[in-house]
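The block underneath contains the structure these notes are about, expressed in structure tokens.
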Amino acid sequence: MTRFLLLAFTTFLITLSVKGADSLTVKNNDVVILALKVIKPITIDGKLDEEVWQNGGGFENFIQRDPIEGAVASEKTSLKLAFDEDALYLGVKMYDSSPDSILARLSRRDEWVNSDHITLYLDPYNDKRSGYFFTLNAAGTLIDGVLFNDSWDDESWDGVWEGKISVDDEGWCAEMRIPFSQMRFNQTDTMVWGVNFRRKIARKNEWDFLVFIPKTESGFVSHFASLTGFDNISSSSQFEIIPYVTTRAEYIQFDDGDPFNDGSKYTPGAGADFRMGVGSNLTLNATVNPDFGQVEIDPAVINLSDVETFFNEKRPFFIEGFSTFNFGYGGARSYWGFNWGSPDFLYSRRIGRPPQGSAPDADYVDYPNGTHILAAGKLTGKLDDNWNIGTIHNVTKREYARISKDDIQSDAEVEPLAYYGVLRFQKEFNEGRNGIGGISTATLRNFKDGRLRDEINKEAFSFGMDGWTFFDESKTWVLAGWAGVSHLTGNQKRITDLQQDSRHYFQRPDASHVSVDSNKTSLTGYAGRFHINKQKGNFFVNTAFGFITPAFDVNDLGFMWRADKLNWHAGAGYEWTDPTDVYRYSNLGAAIFQNYDFGGHKTWEGIFHFGFMEFANYYIADWNAAYYTETFNNTRTRGGPLTINPPGYQTSIWLASDSRKDWEIGVGAGTFQTSPSYDWFVELGFDWRPFPNLLFSINPKFSRVFEYAQYIDTFDDPLAANTYGKRYVFGELDQKTLSASIRLNWTFTPQLSLQLYLQPLISSGNYNNFKELESPGTYDFIKYGENGSTFDPETNTADPDGNGPAEEIEISNPDFNFRSLRGNAVLRWEYLPGSVIYFVWTQTRSEEEEIGEFQFNKSMSRLFAAEPDNIFMVKVTYWINF
């Protein structure tokens, strides 16, 4: 089968590679833009009536990237940059032959909508790889972020700057004021920055750039024009304080007699965040008594697997500037993975998460929802021009659960005092053609209750190195990669349990390369991944090899799903960037891939195809398909012997209408088949904008999963000789899930917005045909009630050998019908630049029964009748700048 996949993939490469050389090149990157010195004050009102804007001499040579790549912009744009000792100013006049057709859609800050806009890109270090962007759309919405890795961006950074617009019969104007204190740069007598501009004309789907970079070119920041003229400026010492006060009221469900919960709880709070410039290159963020609560709730999920669900970080302190801590992603612009699951050395949700320790047996327990962060600090920026550095330090509080047993109350430690530290560094050479970096993390815990030593690691360390090198001056081919090590310590019981958890499964009885060592007090592992990519031109190549040794583990401060993995893929594709009568853009690609464990067992193999097309009418189609061969499965029995993955296939497609319209519809469907198991889904996306400042969206989805061998439990039985003295019990699961994501975004002004979010979810799971694994290394099962075994459906009791000596197995009823409704409302008012008031209401309600039938009407009525948990919060911040 492997030879067939290689032959098919090679044929695909040869077919795609028959194409002439690219004709489009970068234009206007040799332009030098001179910033003008401001003599008279500029009022930011979007009217461009100041003298500095009226003197002519603006830059106008914009070039289309879409829809006609390389053509002159269809509408004239004229811009100027100016400065004083405190700030950089941008004035832009965007002429429009149909000013009444300008698409001006208002949204809250940092939310992209399909609207006319202007973007200023800056590379203050002139390092050709990083920078900032500032966007102002035709309705006055502000969006900003940082640039990194030459072509990537991160919108989590929020600067304090001003932008205003005005509309007239010639088009629209934009005016920005960006304080130098908000940016980091090298302070020299003669300043040279990188600069670029982008204008979007939404009704035409037109994207115009001052520095035009073809779609088949590599890089973005590295092609910027030069910005000069502002000498002897300073970012100042930049010292900001953002004090805050909060109040939180909780009205939640409680049990009668619970001494800790009467259904209501009121929590006031206060603290402050600090931000200070350290020289002109570094920024220090610190916080005292931080408020790390989330404004937006996490979605409800049904997780029947043995691995953790990944949730995105939503707390501003951690997401702002997080790109500094990206590890293993440099040089290459695309990192594919096929059943790889790349480890994250830093997963900031570990900091302040719910306590990990168990509470002693009790009648009532008041368990903390999260771990309090006593203090946190973050330092980011550059040293010596090309050294990017970032470090985070956090101390979390020792947390206690209040317990009551036999009317006696006491406290029990459930989370130790802990320190979390991260250091990230990276150096770039030769204008970003080479780079090397590293990351180091440390987790240190101090226990008072020895009981927790059996449940939580005492110490955890990790270290990694990453880097890249381009093989040619044109940055067409790149080698990028990383390698790392992890080291954990704890007592013998803790490390023994760690070896047997779902990330490792050292106890697998037929594994020759791993085994449980109950005397160990530490665990050390290694991991790495290396890519060779072609990323310039229409024809692209993406290849990778990665490994995660069985003992590697970064989950104390990072995130990973599985260890014990060898993974590789080889992929390629072609993109068509010249519009035709049928499409405006299209790409096709394919890849072959394999996974092995360190015992030499092939655990995944297949061939994958993907494609995308934007049609001439701006509708899109996005699809993929894959075929999988028969392989081994080393996790289905959850620490037991190998089984087989039957061969199968998958396919999915997503179709969407023109996003320029006031309404947009998307339809998707897909299936995954590994007979006799299968799953399929259908989903709908609908966005409606009845007014330019109001967006309603609903995304319902229905899925059905039939799993022929869903794991239930493992039972010890010395008579089960074929399966190493254990019986691995499975059932046939028929699961149906209906969910929806419903949002209403109402933006009253660029500073005042209301967001409503609602997620209903109904999921049922019906189990039947209980069975046990017949023999290792197969997909064969013994169904209870057949071949001499018996099964009582009234009690879910199975007897593997009927009247024989084997003990009966009692299977708890795994059927479920879960109903959940989660939602929140957030009113955000930026009453002054950088100062915000939040009003938040969160409601959750859920109910679960041990029935497997999908009953929509009953579930919905029961769901809305269920008693809710309500949380109300008000938070007021005030930005002070010195």
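The values are calculated or read from the model by the stated rules, or taken from the named source; none is laboratory data. It should be emphasised that the depicted structure is a prediction, and the values quoted were computed from it without experimental measurement. Here Cβ is always computed from backbone atoms with ideal geometry, including for glycine, and neighbour counts include all displayed protein chains. Just the protein is used for accessible areas: all its heavy atoms, side chains included, with ligands, DNA and RNA removed. Shrake-Rupley method; radii C 1.70, N 1.55, O 1.52, S 1.80 Å.
The table for this structure:
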read-out: Contour excess over end-to-end distance, with Cα ends at residue 303 and residue 616 and 0.36 nm allotted per residue; value: 108.6 nm
read-out: Rounded to whole Hz, the Karplus (6.51, -1.76, 1.60) HN-Hα couplings of the stretch 132-143, x for glycine and proline; value: 9, 9, 9, 10, 9, 8, 6, 9, x, 6, 9, 9
read-out: Table column - 3J(HN,Hα) (Hz), the stretch 709-723, Karplus curve with 6.51, -1.76, 1.60, x for Gly and Pro; value: 9, 8, 4, 10, 5, 10, 10, 6, 7, x, 7, 7, 5, 5, 10
read-out: Residue 262 versus residue 841: modelled label distance in nm, points set 7 Å from Cα along the beta carbon direction; value: 2.5 nm
read-out: Surface per residue (accessible, 1.4 Å probe) for the chain, Å²; value: 42 Å²
read-out: Coil-residue GluC sites (Glu not before Pro) of the stretch 414-475, DSSP, other Cβ within 10 Å capped at 13; value: 473
read-out: Fully extended contour minus Cα-Cα distance, from residue 530 to residue 311, at 0.36 nm per residue; value: 76.2 nm
read-out: Theoretical FRET efficiency, 1/(1+(r/R0)^6), r = Cβ-Cβ of residue 497 and residue 25, R0 56 Å, to 0.05; value: 0.40
read-out: Cβ-derived FRET efficiency at R0 35 Å, residue 625 paired with residue 659, nearest 0.05; value: 0.90
read-out: Residue-wise HN-Hα coupling along the stretch 867-877, computed from phi with Karplus coefficients 6.51, -1.76, 1.60 (Hz; x: Gly, Pro); value: 5, x, 9, 10, 10, 10, 9, 10, 10, 10, 10
read-out: Cα gyration tensor category, rounded, prolate or oblate, for the stretch 169-237 with a/c compared to 1.5; value: oblate
read-out: Alpha-carbon centroids, the stretch 617-692 and the stretch 794-865: separation in whole Å; value: 24 Å
read-out: Compactness relative to 2.2 N^0.38 Å, alpha carbon Rg of the chain; value: 1.02
read-out: Radius 10 Å from Cβ of residue 703, net charge of other residues (Lys, Arg +1; Asp, Glu -1); value: +1
read-out: FRET efficiency, 1/(1 + (r/R0)^6) with R0 41 Å, evaluated for residue 758 and residue 95 via beta carbons; value: 0.45
read-out: Violating pairs (Cα-Cα greater than 30 angstrom) within the set 164/204; 93/215; 93/661; 200/875; value: 200/875
read-out: Within the accessible area of the chain (1.4 Å probe), percent carbon and sulfur; value: 54 percent
